[in-house]
Structure formats: structure tokens, C-alpha cells
Amino acid sequence: PRVHQAQVLEYNRGKMGVAAVPGSGKTQTLSYLAARLLAEGRVQDDQEILVVTLVNSAVENFSSRINGFVQEMGFIPGVGYRVRTLHGLAHDIIRERPDLVGLPNQFRIIDENESKEILKDAVRTWLGMNSTFAETYLKQDIDSGQMNRVMTSFYELVVDITDSFIRTAKDNEILPPQIRTKLDNLQVSQPLLEMGWEIYRSYQRSLSYRSAVDFNDLIRLALLALQSDPDFLERLQRRWVYILEDEAQDSSLLQETILSMLAGSDGNWVRVGDSNQAIFETFTTANPKYLVNFLNTRGVIRRELPTSGRSTPSIIW
């Protein structure tokens, strides 16, 4: 494993893709790479290494490991790097220039629980105004004693459907007015799409009333901010001189686009992941094809971490 890790750690600049297996030391390798780049003076005082990882629990893990390596090298820990999830990074970008995306300086980010409650209210209101909608999808001979239970299950199903509808629409940068235009151009009736659009519109109005955004808005709006002001983008490119991306097999198109813009055509970007371990693909717009395509892109340095430390002979036998 150390031979392959050494090949990754030879990295100095440019774009690199690392195909890794579980237990091969992805976090350890990226953390050491970040520390080495700092120790070698490749990051100036007004710059940072940006480490992007998948979940909040990994943020502290990365920070702790980088700090440990930096201290071993005789430098001050906690300086010259930033570890974020994609949502955390998007938050940083928007907080710096909320005006670029039409938000007030004091905008609020709602958590998943509040988001779900707002959605539930929108669904209740819509079903109340469309009382016959359920009849199309339910059996006609439901016992009156079971009706309350059936309608509760139907309501929960509509919440799940519209939650997925809204998340997918935002991941694809599609807002309610755009959906309305597409529906108007259809030649056939689409009751479920009409339902999704109306509840999505109501949900967004509720967020706007609260001067709030949800987690899915964060990513979409961060990309919009980068696209809206070339000077702002150039400033961030200058700040984040190296981008190290962990768990890249679960990258979405929006994540790839944001990081690609921040890296720039000639920037420094290392993507590490295992295309066979893409767990987010089933319930988000993440897809391992983005990492696979990156690994096969002309000009990208390809390396591998093919040996798992979890599969020693003593474990296997």
C-alpha cells in the first residue's frame, strides 16, 4: 500500500484522479498530502487548501489528521487549509456574496426537520384543495373503518414523492416557473407532475416568506453565484489554490461543476474515490460516472490505491 500512496504523494500540481478501494487509506493519504503541500510552502499566506468531503463526521476526522501531520512537520496546525462538506462550502460561498443570488445579508438556512415540516404543510394544503385527487389512485371498495389509515398512508406517500421531486428539480437547477413552461408545452395531461409543480411552488414561497433557503438551495445558489461574477470566482480560485476531493464517487453534477469552476482550467484538483462504493446514487443525483469520466480525461494524472489494509491474510483466513 505504501508504494501506491507514495505515487499519490508525488503530486505537486495539476489534476489527479485516484481510484481507491475501501480501507486503502484515502483519508490518511489526502490528509498527508495536504500537510506536505503546506510544509513545502506551496500555499501563500492569503491562500488555503480546500478539502471537500462527503459527510459532517469526516470533517473533524480530516482536520484532526491534517493537524497531526502538520505538527509532526514542525508547523502551526489549523492554518492554511479548510475542510468542508459540499453544503458547508456552498454556505461559505453564498455568505460571502448573498447579493449575487438575490438573498438578504441575514438569510437563514433551514435544517431538514424544518424543511420537511414546511413541505408537509404544503402537501396538506394541496390535498385539501384537491380532495378528489386520491380517488384516482385508491381502490373504490375501501372499508370505511380503514379509510383514515389509508388516507394517512396516501398523505405520507405524497410527501415522499414531492420531497424527491423538489430535490431532483433543484439538483438539476430547475425552478417552478421552468417546470410550468415545460408542462404547458406538453400535449397530454400529467396529474402527478402538476401536483409536484404546485407543491414545489408553494414550498418555495414559504421559504421566500421566511427569507430562508434549504440545503438543496445552497448548492444551486452557490453555483449561480460563481456564474454571476467572474471577479468573485477569480478571487476564490486564487484563495483555494489546491482542491482535494474525498469520496468523489458520490459527487453530483453540481458538485463536479462547482469544484471544476473553483479549480479552473489550469488549477490544482485531486479527486479520490471508489466507483464501486457509490452509496448515494440510489437516493440523490450523485453518480460514480463523474469520477470514472474524470479518471479517463486527457491530461488528468491517474493513480490507484488498490490495496485494502482491512484484508490481511489473518482476516481473510
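If you place +1 on the Cβ of every Lys and Arg, -1 on the Cβ of every Asp and Glu, and leave all else neutral, what size is the dipole of the range 94-253 about its Cα centre, to the nearest 20 Debye? Display every interim value, and only then the final one.
On the way: 19 positive and 27 negative charges, 96 e Å.
So the magnitude is around 460 debye.
Shown is the FRET efficiency for Ser131 and Arg180, computed with R0 = 25 Å from the Cβ-Cβ distance and rounded to the nearest 0.05: 0.60.
When you restrict to C-alpha pairs under 8 Å that are six or more residues apart and normalise by the size of the range 31-92, the relative contact order lands at 45 percent. One chain, two ends: Thr284 and Gln47. Fully extended at 0.36 nm per residue, the span grows by 82.1 nm beyond their Cα-Cα distance. Simple point charges give the picture: +1 on the Cβ of Lys and Arg, -1 on the Cβ of Asp and Glu, and for the chain a dipole about the Cα centre of about 660 debye. Solvent-accessible area of the range 1-151 (1.4 angstrom probe, protein heavy atoms only): carbon and sulfur portion equals 47 percent.
Which of the peptides 101-108, 7-14, 84-91, 66-73 is most tightly packed, and how do the rest follow, going by the mean number of other Cβ atoms within 10 Å of each residue? If you can, show how the numbers build up before the last one.
On the way: 101-108: 12.8, 7-14: 15.2, 84-91: 19.8, 66-73: 17.4.
Going from most to least packed, we get 84-91, 66-73, 7-14, 101-108.
All Cα-Cα distances of the range 29-149, cut into 5 Å bins from zero to the largest, leave 2, 9, 12, 12, 11, 10, 7, 7, 6, 6, 5, 5, 4, 3, 1, 0 percent in each bin in turn. Under the convention that each Lys and Arg Cβ holds +1 and each Asp and Glu Cβ holds -1, the size of the dipole of the range 62-163 around its Cα centre is about 380 debye.
When only alpha carbons are used to place a centre, the range 228-246 and the range 134-182 end up 40 Å from one another. Computed over neighbours whose Cβ is under 15 Å from that of Asn268, the net charge equals +4, Lys and Arg +1, Asp and Glu -1.
What are the semi-axes of the equivalent ellipsoid of the chain, taken as the square roots of 5 times the eigenvalues of the Cα gyration tensor, listed largest first and rounded to whole Å?
On the way: eigenvalues 361, 117, 61 Å².
Equivalent ellipsoid semi-axes, largest first: 42, 24, 18 Å.
For the range 91-166, the Kirkwood radius over C-alpha pairs fed into Stokes-Einstein at 4 °C and 1.567 mPa s yields D = 85 µm² per second.
Under 24 Å of direct C-alpha separation, and excluding same-chain neighbours fewer than eight residues apart, Lys26 reaches these lysines: Lys15, Lys289. When both the range 47-83 and the range 269-288 are represented by their alpha-carbon centers, they are found 22 Å apart. Projecting the Cα atoms of Thr168, Met147, Tyr200 onto the charge dipole of the chain, computed from C-beta unit charges around the Cα centre, puts Thr168 farthest toward the positive end.
Sorting Thr297, Thr257, Thr282 on solvent-accessible area from highest to lowest, probe radius 1.4 Å, gives Thr282, Thr297, Thr257.
The values are calculated or read from the model by the stated rules, or taken from the named source; none is laboratory data. The structure displayed is predicted, hence computed values, not measured ones. Cβ sites come from the backbone with ideal geometry, for glycine too, and all protein chains shown count toward neighbours. Heads up: the accessible areas ignore ligands, DNA and RNA and are worked out on the full protein's heavy atoms, side chains in. Shrake-Rupley method; radii C 1.70, N 1.55, O 1.52, S 1.80 Å.
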